[in-house]
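Take a look at the structure set out below.
The values are calculated or read from the model by the stated rules, or taken from the named source; none is laboratory data. Note that the structure is a prediction, hence the values are computed from the model and not measured. With ideal geometry, Cβ positions are generated from the backbone for all residues, glycine too; neighbour counts draw on all protein chains shown. All accessible areas refer to the heavy atoms of the entire protein, side chains included, with ligands and DNA or RNA removed. Shrake-Rupley method; radii C 1.70, N 1.55, O 1.52, S 1.80 Å.
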Amino acid sequence: MVLKSINDDMITVIIGGIREGSWRMPRWRTAVVVIAVGTLLAGCGSGDSEGGSSASADGPGASASPSAPAAEKFAADSGTRYVGVKAPEVLEGLVCDEGDGGFRFGGDLDMYVTGDDGLKELKVAGEDVADTISCFGSPRITLRKGTMSASAPVFTARTNLYEQIADPVTSLKTIFERSVILSESYGRNFTGELQEVTSSDLLLKCRQNVSDTFPMTTCFWANYGAAGVLDFFPPDGQAVPIQSAARLTKDFVAAALKPRA
C-alpha cells in the first residue's frame, strides 16, 4: 500500500510494511522516502556514485580533507554527566535543528545506537533521554536516484544519555559491532576500514559504508556519560573523508551535550 500526502513543496511517500528490529528499542519504523520538490538550489554540481545515484553540495568535508584530531590518551572519569542534548548554535557554518531534517532512508537503513542493553539510560519524567539532531550546510546536499531527488543534511546525529558508562572502551566496541551487524542485515554495506580516534574525553570509531547506493561515513562515539552515532551524507557523490567526519563528530559532541550543573 502506498500513501501520498502533499505539504507545500514536499511529497512524502510512505511505503507500507513495518519490519520489527531485533533489539530492545522500537526504532525500526515504516520505510519512509522523502522527496524534496522545487527546493533545489541553482548552481549545485553533481557527481555519479556507484549504483547510478548522485549527490551534490558544498559543505564541510566536500573538498578539503583536514587532518584528524590529534591522538590523545583517554582520561579517567571526571564525573561529568549530562542532562540533555541541544542543537549546536555554532558549528562550522552549519545550521542545526532537532529531528532528522526531513530525510530518512527508511527500510531500517538509518543508523541508531544499539547494543547498549547493559547500560542504564538517563531518565527524565520517566522517559529515556535520547535525541536526534540534523545539521545542514549551504547549499544543501542533494541526493538523486533515478527520477527522485531529496535534500539531505551534512549529518544526522543520534545521542543517548546514560547514568554511567563504566567502561567506554568496551561499551563503544559492543555498540559499534552490534549496530553494524544489524544495519548490514537490512542492506547497509560497510566497505571501508575501521578507523579509531581517541581524545582525552571521547572515543570514536568511524567507517565508510554504502546505504541505498549512497556512499556514507558513519562515526560512533562514547564517553563516561553518553554515546551516539553521526551519519554523514555524501557531498558531490563522494563519502566524507573519515578525518573530516571524526573532527566534526568531536566538535558536535562538545557543543551538543548539556552537562549537569
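Answer yes or no as to whether A76 is in a loop (DSSP other than H, G, I, E, B) and modelled with pLDDT of 50 or more.
Working: in a loop (DSSP other than H, G, I, E, B): yes; modelled with pLDDT of 50 or more: yes.
For A76, the condition - in a loop (DSSP other than H, G, I, E, B) and modelled with pLDDT of 50 or more - is met.
Residue check: is S179 in contact with a Ser or Thr (Cβ under 7 Å, 6 or more places away or on another chain), assigned to a helix (DSSP H, G or I), among the hydroxyl-bearing types (S, T, Y) and crowded, with 21+ Cβ neighbours inside 10 Å?
On the way: in contact with a Ser or Thr (Cβ under 7 Å, 6 or more places away or on another chain): yes; assigned to a helix (DSSP H, G or I): yes; among the hydroxyl-bearing types (S, T, Y): yes; crowded, with 21+ Cβ neighbours inside 10 Å: yes.
Considered against the rule, which asks whether it is in contact with a Ser or Thr (Cβ under 7 Å, 6 or more places away or on another chain), assigned to a helix (DSSP H, G or I), among the hydroxyl-bearing types (S, T, Y) and crowded, with 21+ Cβ neighbours inside 10 Å, S179 comes out as yes.
Return the residues of the stretch 154-170 that are open to solvent by 10 Å² or more (accessible area, probe 1.4 Å) and outside any loop (DSSP other than H, G, I, E, B); say none if nothing qualifies.
Scanning the stretch 154-170 gives R158, V169, T170.
Please specify each residue of the stretch 79-125 satisfying the condition of being in a loop (DSSP other than H, G, I, E, B), at negative phi, in contact with a Ser or Thr (Cβ under 8 Å, 6 or more places away or on another chain) and not small (G, A, S).
Kept after step one, since they are in a loop (DSSP other than H, G, I, E, B), are these residues of the stretch 79-125: 79-81, 86-94, 99-120, 122, 125.
Now restrict to residues that are at negative phi: 80-81, 86-91, 94, 100, 103-105, 109-114, 116-120, 122.
Within this subset, residues satisfying the condition of being in contact with a Ser or Thr (Cβ under 8 Å, 6 or more places away or on another chain) are 100, 103, 105, 109-114, 116, 118-119.
Across the stretch 79-125, the qualifying residues are D100, F103, F105, L109, D110, M111, Y112, V113, T114, D116, L119.
Conditions: (1) outside any loop (DSSP other than H, G, I, E, B); (2) in contact with a Phe, Trp or Tyr (Cβ under 9 Å, 6 or more places away or on another chain); (3) at pLDDT below 95; (4) open to solvent by less than 20 Å² (accessible area, probe 1.4 Å). S151 meets all but one. Number of the miss?
(4)
Within the stretch 157-187, track down each residue that is among the aliphatic types (A, V, I, L, M), closer than 21 Å to D108 by Cα and touching a residue at least 60 places away in the same chain (Cβ under 8 Å).
Within the stretch 157-187, A157, I175, L182 meet the criteria.
Here is a check on your reading of the model: is T217 hydroxyl-bearing (S, T, Y), surrounded by 22 or more Cβ atoms within 10 Å (Cβ to Cβ), in contact with a strand residue (DSSP E or B) (Cβ under 6 Å, 6 or more places away or on another chain) and closer than 11 Å to A157 by Cβ? Break it down into steps so the answer makes sense when it comes.
Working: hydroxyl-bearing (S, T, Y): yes; surrounded by 22 or more Cβ atoms within 10 Å (Cβ to Cβ): yes; in contact with a strand residue (DSSP E or B) (Cβ under 6 Å, 6 or more places away or on another chain): yes; closer than 11 Å to A157 by Cβ: no.
Considered against the rule, which asks whether it is hydroxyl-bearing (S, T, Y), surrounded by 22 or more Cβ atoms within 10 Å (Cβ to Cβ), in contact with a strand residue (DSSP E or B) (Cβ under 6 Å, 6 or more places away or on another chain) and closer than 11 Å to A157 by Cβ, T217 comes out as no.
Cβ-Cβ distance below 7 Å, separation of 6 or more or different chains: which pairs start in the stretch 188-211 with a residue that is farther than 17 Å from R247 by Cβ and end on one that is surrounded by 22 or more Cβ atoms within 10 Å (Cβ to Cβ) and of a type in the set (A, V, I, L, M)?
Qualifying pairs under 7 Å: N209/M216; V210/M216.
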